[in-house]
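Okay, so here's the structure we're looking at.
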Amino acid sequence: MFAAPFMAGRTVIASQQLQLDPVQFGQRIDAEGVTVLQVVPSYLDAMLDAWEHHQAEPSLELLKYLSVTGEACLPKQVNRWLTLRPQVLVVNAYGPT
């Protein structure tokens, strides 16, 4: 979060209301041109579920990295994401490893 300004970037923090609507959250990722997205694995599941259910998958054209943190990320979650966006590098930032 603090590195973005030093890299000529900016940090986008989603409101709680936006976080409660994964479809709008995905649209905001696109609208803001997000290149690095950091979420907990349970929210990753919620996003993917909502995008599939509502057939509202965002383009995520500019997204380069997905960082998962805050709880253990299961291989099935990573595989599910990579099926959607294989070109986006997944970084497991959970724990000391």
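Summary table below
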item	result
Residues (of a type in the set (V, I, T) and not in a loop (DSSP other than H, G, I, E, B)) located in the range 76-92	V78, T83, V90, V91
Members of the range 1-20 that are assigned to a loop (DSSP other than H, G, I, E, B), in contact with a helix residue (DSSP H, G or I) (Cβ under 8 Å, 6 or more places away or on another chain) and either modelled with pLDDT of 90 or more or farther than 19 Å from V88 by Cα (or both)	R10, A14
Qualifying residue in the range 56-75 (condition: out of contact with any Cys (no Cβ under 6 Å at 6 or more places or on another chain), of a type in the set (D, E, K, R) and not in a loop (DSSP other than H, G, I, E, B))	no
Candidates V90, V40, V68 - the one that is out of contact with any helix residue (DSSP H, G or I) (no Cβ under 9 Å at 6 or more places or on another chain), modelled with pLDDT of 95 or more, of a type in the set (V, I, T) and surrounded by 12 or more Cβ atoms within 10 Å (Cβ to Cβ)	V40
Unique match (being in contact with a Leu (Cβ under 7 Å, 6 or more places away or on another chain) and of a type in the set (A, V, I, L, M)) among V68, V12, V78, V39	V68
Test: residue in the range 58-67 that is among the aromatic types (F, W, Y) and without any contact (Cβ under 8 Å) to a residue 24 or more places away in the chain	no
Any chance Y94 is more than 18 Å from V34 (Cα to Cα) and of a type in the set (S, T, Y)	yes
Residue among Q38, Q24 that alone is of a type in the set (S, T, N, Q) and assigned to a helix (DSSP H, G or I)	Q24
Near pairs, Cβ below 9 angstrom, 6+ apart or cross-chain, from the range 15-31 (under 10 Å from M47 (Cα atoms)) to any residue that is assigned to a helix (DSSP H, G or I) and of a type in the set (D, E, K, R)	P22/D49
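The values are calculated or read from the model by the stated rules, or taken from the named source; none is laboratory data. Keep in mind it's a predicted model, so treat the numbers as computed, not measured. A quick note on method: Cβ atoms are made from the backbone with ideal geometry, for glycine too, and the neighbour counts reach across all protein chains shown.
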